[in-house]
Amino acid sequence: MTLQSQDIRTALTVRIVDTVAGLDALRPAWQALEARDPEATIFLTWDWMARAFRANPYRWSVLVAEAPDRPGTALCILPLKYRTHWSRSRDEFHTELEAGGRLLWSEYTGFLCHPEREAEALQAVTDHLAAMPWMRFSMRYVAQNRRCRLFTDAFEARGFGVKYKSYRINGNKTDNLVCPQVDLPEDFDSFLAGQLSANRRQKYNRLKRDHLDSGALHITTAGDADFDAALEVLLDLWQRRWRDQKGAETAERVAGNYRDVLRAAQEIGAAYLPVLWKGERPLGALGHVVDRRNGVVHFIAGGRDPQAEDKGIGQLLHVHSIEWAIGQGLICYDFGHGNEAYKYSYGATDQAVLYFEIRRRAYEPSLAFDFLCAGEALRRIEEFLTRGSTDKALKACAQLSRVLS
């Protein structure tokens, strides 16, 4: 499906891409924009998003703003994820939108924009998006404050409800909208001397001498041939650590998300996965996504053997990863979401990200549900019937009939 809208003020066109063929055709323009955008991350690249979209048919679309006099040149790209929500208050399906990168659990989301046309391109995308059928739109983990404000201000001006939200986990102890990051110097000795406390530095040097230099423990790095095996080691260690606390079903689901992220990174040559061993027994492992263009190593997941008596497993692995990153000429070690205390012992400082929600204030039946979600709606109707909720199923069928007519 391809829809077009014309914004009179900006003279930009906006189209929707929601097929694999359209995504493939968009690749040159997408990659040209990501190369030009100073706020682009690896999680907004075509290579990354194409993997998310191919694995999730009929759950995504991409809004593309273009200038009519510059065919094939994208000025703004907004990847979207679709969610089908059953409204109990209205007994009908509603379409909800999120950042498309969350289909692959991306650490960061946001907008790709031409730096010289940012404001007008975002305005055109906003105008088009406001006319599309959905009831709620949210974006989480956006490290683009200016673009967020331009986007949400435009929706507020149109009468939509806008709310910036907090997001805390672990019994409200952890702020998941804070991402501690370590600025990396040019050499590892400078990191040890300048960004670790004297006490922490002494502990690390003792751990390294007693465990790594002595040969009691050793660290390997997963390559193409053994990546899947190393990934399963990491995920097994992670689940052993968290299964009892989170429950087996939740732990398995979250581990599956990590598997998808790190495999996608490996497919595009952007994974780094060190494993700490005691002989043939794995004690711990870390999984990273490496954004070489921006010089950032993103820590995604870590696991350690909860039965291991060896101390400093996490510290040995993180400092090893930081040393590797410095040797690669990278400039930032990103600990990801959450302001857990241990991250600051490596000299991390906070990077704030945003989470906002936009809602329609007025209900309009024609703008409540997008036909792209019909397949998911039919699956939900089947669930209603299986559970004996025939009244819900009938109301849902009536809604789909109206949408199709």
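The values are calculated or read from the model by the stated rules, or taken from the named source; none is laboratory data. From a predicted model like this one, the values you see are computed outputs, not experimental measurements. FYI the Cβ positions are ideal-geometry reconstructions off the backbone, even for glycines, and counts take in every protein chain you see.
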Pairs please, first residue from segment 239-255 and without any contact (Cβ under 8 Å) to a residue 60 or more places away in the chain and assigned by TED's automatic domain parsing to the domain that holds residue 105, second anywhere and in a helix (DSSP H, G or I) and surrounded by 12 or more Cβ atoms within 10 Å (Cβ to Cβ), Cβ atoms under 8 Å, 6+ apart in sequence or on different chains.
none
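Restricted to segment 67-76, and to residues that are in contact (Cβ under 8 Å) with a residue 12 or more places away in the chain and surrounded by fewer than 21 Cβ atoms within 10 Å (Cβ to Cβ), which residue is farthest from residue 253 (Cα to Cα)?
Let us first name the residues in segment 67-76 that are in contact (Cβ under 8 Å) with a residue 12 or more places away in the chain, namely 67-68, 72-76.
Applying the additional criterion that residues be surrounded by fewer than 21 Cβ atoms within 10 Å (Cβ to Cβ) yields 67-68, 72-73.
Working: 67: 42, 68: 45, 72: 40, 73: 39 Å.
The residue in question is 68.
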Total residues in segment 56-76, condition at pLDDT 95 or above and either of a type in the set (A, V, I, L, M, F, W, C) or closer than 14 Å to residue 12 by Cβ (or both)
9
Note on segment 325-379: residues in a helix (DSSP H, G or I) and outside the structural domain of residue 102 (by TED's automatic domain parsing) are 325, 326, 327, 341, 342, 343, 344, 345, 346
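Assess whether residue 106 counts as being without any contact (Cβ under 8 Å) to a residue 40 or more places away in the chain, in the same structural domain as residue 130 (by TED's automatic domain parsing) and not in a strand (DSSP E or B).
Numbers: without any contact (Cβ under 8 Å) to a residue 40 or more places away in the chain: no; in the same structural domain as residue 130 (by TED's automatic domain parsing): yes; not in a strand (DSSP E or B): yes.
For residue 106, the condition - without any contact (Cβ under 8 Å) to a residue 40 or more places away in the chain, in the same structural domain as residue 130 (by TED's automatic domain parsing) and not in a strand (DSSP E or B) - is not met.
For segment 294-324, which residues satisfy the criterion of being part of a loop (DSSP other than H, G, I, E, B) and more than 24 Å from the chain's Cα centre (by Cα)?
Within segment 294-324, the first condition is being part of a loop (DSSP other than H, G, I, E, B), and the residues that meet it are 294-295, 305-312.
If the condition is that a residue be part of a loop (DSSP other than H, G, I, E, B) and more than 24 Å from the chain's Cα centre (by Cα), then 305, 306, 307, 308, 309, 310, 311, 312 are the ones that fit.
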Going residue by residue through segment 86-100, is there one that turns out to be under 15 Å from residue 17 (Cα atoms) and not in a strand (DSSP E or B)?
yes
Among the residues that make up segment 373-380, is at least one of them under 26 Å from the mean Cα position of the chain (by Cα), among the acidic types (Asp, Glu) and more than 30 Å from residue 204 (Cβ to Cβ)?
yes
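With respect to residue 79, is the statement that it is without any contact (Cβ under 8 Å) to a residue 60 or more places away in the chain and farther than 22 Å from residue 294 by Cβ true? Please lay out each step first, then the result.
Numbers: without any contact (Cβ under 8 Å) to a residue 60 or more places away in the chain: yes; farther than 22 Å from residue 294 by Cβ: no.
Against the criterion (without any contact (Cβ under 8 Å) to a residue 60 or more places away in the chain and farther than 22 Å from residue 294 by Cβ), residue 79 does not qualify.
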Considering each residue of segment 3-35, count those that are modelled with pLDDT of 95 or more, among the small types (Gly, Ala, Ser) and more than 21 Å from the chain's Cα centre (by Cα), and give that number.
5
Report every pair of residues separated by at least 6 positions or lying on different chains whose Cβ atoms are under 7 Å apart, first residue within segment 327-347 and of a type in the set (A, V, I, L, M), second outside any helix (DSSP H, G or I) and crowded, with 18+ Cβ neighbours inside 10 Å.
330/184; 330/296; 330/297; 331/184
Residue 266 being in contact with a helix residue (DSSP H, G or I) (Cβ under 9 Å, 6 or more places away or on another chain), over 22 Å from residue 202 (Cα atoms) and among the polar types (S, T, N, Q)
yes
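Would you check if residue 241 is modelled with pLDDT under 95, crowded, with 17+ Cβ neighbours inside 10 Å and assigned to a helix (DSSP H, G or I)? I'd like the intermediate steps shown before the answer.
Values: modelled with pLDDT under 95: yes; crowded, with 17+ Cβ neighbours inside 10 Å: yes; assigned to a helix (DSSP H, G or I): yes.
Criteria met by residue 241.
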Counting only residues in segment 124-148 that are among the polar types (S, T, N, Q) and touching a strand residue (DSSP E or B) at 6+ places or on another chain (Cβ under 7 Å), the one surrounded by the most Cβ atoms within 10 Å (Cβ to Cβ) is identified as 138
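Would you mind finding the one in 17, 62 that is among the β-branched types (Val, Ile, Thr) and in contact with a Pro (Cβ under 9 Å, 6 or more places away or on another chain)?
On the way: 17 fails: in contact with a Pro (Cβ under 9 Å, 6 or more places away or on another chain).
Selected residue: 62, the only one of 17, 62 that is among the β-branched types (Val, Ile, Thr) and in contact with a Pro (Cβ under 9 Å, 6 or more places away or on another chain).
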